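Scroll down for the structure; my scribbles are underneath it.
The values are calculated or read from the model by the stated rules, or taken from the named source; none is laboratory data. Nothing here was measured: the structure is a model prediction, and the numbers come from that model. Using ideal geometry, Cβ is built from the backbone for each residue, glycine included, and neighbour counts are taken over all protein chains shown. Remember, those area values only see protein heavy atoms, side chains included, never the ligands or the DNA or RNA. Shrake-Rupley method; radii C 1.70, N 1.55, O 1.52, S 1.80 Å.
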Amino acid sequence: MTDHVAEEVTLARMPSGTEVTTTVHTYDGRAGGPTVYVQAAQHGREVNGTEVCRRLHAELVDRPLAGRVVVVPVADPLTFDRVSYTTPEALDSVHPNMNRVWPGDAAGTLHERMAARLWEYVEAADAIVDLHTGSPDMLTHAVFREGDAESRALAEAFGTDLLLSEEAGEDADAEWADRDFDGKLRVAATRAGIPAVTPELAHNKQVVEEAVAAGVDGTLNVLRHCDVLDADPVDTGDATLARNHLGTVAAAESGLFVPDTDLELGERVDAGERVGTLYDPATYETLQTVETDRVGVLYSLTKEATVTAGKSLVKVALLRE
Ligand SMILES: [Zn+2]
């Protein structure tokens, strides 16, 4: 039916000489077809994607496939072991975030070398699913590159209720370049002509059934969409399409944030809707009445009460259609 191989691959070498390795699973169908690359846990605390990969294994190993599926459940073992988003400075002082260095550099910093090794699998693929997990305060969604029809089709097949398009390159604002977003795997792959989607499941650091189920269903639907699995994609209904990386309301001061809204994630909001208050916990002084700053879809509202100035409190995605 399907040939499965699990291969230990060396990604880089630590200062001590210890090798950083990870396991790459390849599922080869007896029938020809496209290759789909699925990866999880570049940001090691985003463990729901890793659990998605384990369940996907059970789905793929005994099923006839047309083509090949390559799965990397722990793309960054260094952040996985630290349950972190980035590595400490001692490991990569230049690029602590692995998802800013793609397509990597075999002679570069630690993360650049790790990415370059995995890029060998990426560039041989016809479609990319880079599984991520947002905070518990974020609505599950899928991100694709604005204007890329094939990537949008992957996101639609993945089937979350909210799809976010992200402008890239010259179309994007200055912040996009300032934050090195062109080094995201999804952006680098799309630029190399490989359609790619970044699902953002909810609840990092926890394995949450709902998030895992969304990831498994979505990835299987992408495999159906790509004809690796011989079935029509499940119709997931109409999604809301909005724009990524706009509409963040940040804390103006450090203090205690108390949400006072009955708004739920995914709701449409107007500009100027009150969502909470930021207090000085010692004097009770109100520091900021927090309001939405635009019309759109509320897709993130922080539940962490103690906030520092500049922290994102609310995210509203601008509706596109
Ligand atoms: Zn992530």
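Kindly indicate whether G108 is more than 18 Å from the chain's Cα centre (by Cα), within 30 Å of V316 (Cβ to Cβ) and assigned to a loop (DSSP other than H, G, I, E, B). No, not satisfied. Can you find a residue in the range 167-186 that is open to solvent by 10 Å² or more (accessible area, probe 1.4 Å), in contact with a Gly (Cβ under 7 Å, 6 or more places away or on another chain) and either at pLDDT 95 or above or within 28 Å of D235 (Cα to Cα) (or both)? No, the range 167-186 contains no residue that is open to solvent by 10 Å² or more (accessible area, probe 1.4 Å), in contact with a Gly (Cβ under 7 Å, 6 or more places away or on another chain) and either at pLDDT 95 or above or within 28 Å of D235 (Cα to Cα) (or both). Could you say whether any residue in the range 226-238 is outside any loop (DSSP other than H, G, I, E, B) and more than 14 Å from the chain's Cα centre (by Cα)? Taking every residue of the range 226-238 in turn, none turns out to be outside any loop (DSSP other than H, G, I, E, B) and more than 14 Å from the chain's Cα centre (by Cα).
Filtering the range 2-18 to residues that are loosely packed, with under 12 Cβ neighbours inside 10 Å and more than 26 Å from the chain's Cα centre (by Cα) leaves P15, S16, G17, T18.
Give the residues of the range 71-84 that are in contact with a Phe, Trp or Tyr (Cβ under 7 Å, 6 or more places away or on another chain) and open to solvent by 10 Å² or more (accessible area, probe 1.4 Å), sorted by residue number.
Let us first name the residues in the range 71-84 that are in contact with a Phe, Trp or Tyr (Cβ under 7 Å, 6 or more places away or on another chain), namely 74, 79.
Residue satisfying the conditions is V74 alone.
Only residues that are within 18 Å of E19 (Cβ to Cβ) and either modelled with pLDDT of 95 or more or in contact with a His (Cβ under 9 Å, 6 or more places away or on another chain) (or both) were counted across the range 74-104, and they come to 14.
Across the range 32-59, which residue is farthest from the ligand (Cβ to nearest atom) among those that are in a strand (DSSP E or B) and open to solvent by 30 Å² or more (accessible area, probe 1.4 Å)? Explain how you work it out, then say what you get.
Step one: list which residues in the range 32-59 are in a strand (DSSP E or B), which gives 32-40.
Then drop every residue that is not open to solvent by 30 Å² or more (accessible area, probe 1.4 Å), which leaves 32-34.
Working: G32: 33, G33: 29, P34: 25 Å.
Per the stated criteria, the residue is G32.
Restricting L131, L139, L201, L154 to those that are open to solvent by less than 30 Å² (accessible area, probe 1.4 Å) and more than 14 Å from the ligand (Cβ to nearest atom) reduces the list to L154.
Exactly one residue among L241, L246 is outside any loop (DSSP other than H, G, I, E, B) and modelled with pLDDT under 95, and that residue is L241. The residue list V222, V212, V228 contains one member that is in the same structural domain as V38 (by TED's automatic domain parsing), modelled with pLDDT of 95 or more and touching an Asp or Glu at 6+ places or on another chain (Cβ under 6 Å), which is V212. Does any residue of the range 77-89 turn out to be more than 22 Å from the chain's Cα centre (by Cα) and in the same structural domain as V212 (by TED's automatic domain parsing)? Looking for residues that are more than 22 Å from the chain's Cα centre (by Cα) and in the same structural domain as V212 (by TED's automatic domain parsing), one finds at least one in the range 77-89, hence yes.
Restricting the range 60-70 to residues that are crowded, with 21+ Cβ neighbours inside 10 Å and outside any strand (DSSP E or B) leaves a set whose member that is nearest to the ligand (Cβ to nearest atom) is L60. Looking at V122, V94, just one residue is over 15 Å from the mean Cα position of the chain (by Cα), crowded, with 22+ Cβ neighbours inside 10 Å, of a type in the set (V, I, T) and more than 16 Å from the ligand (Cβ to nearest atom), and that residue is V122.
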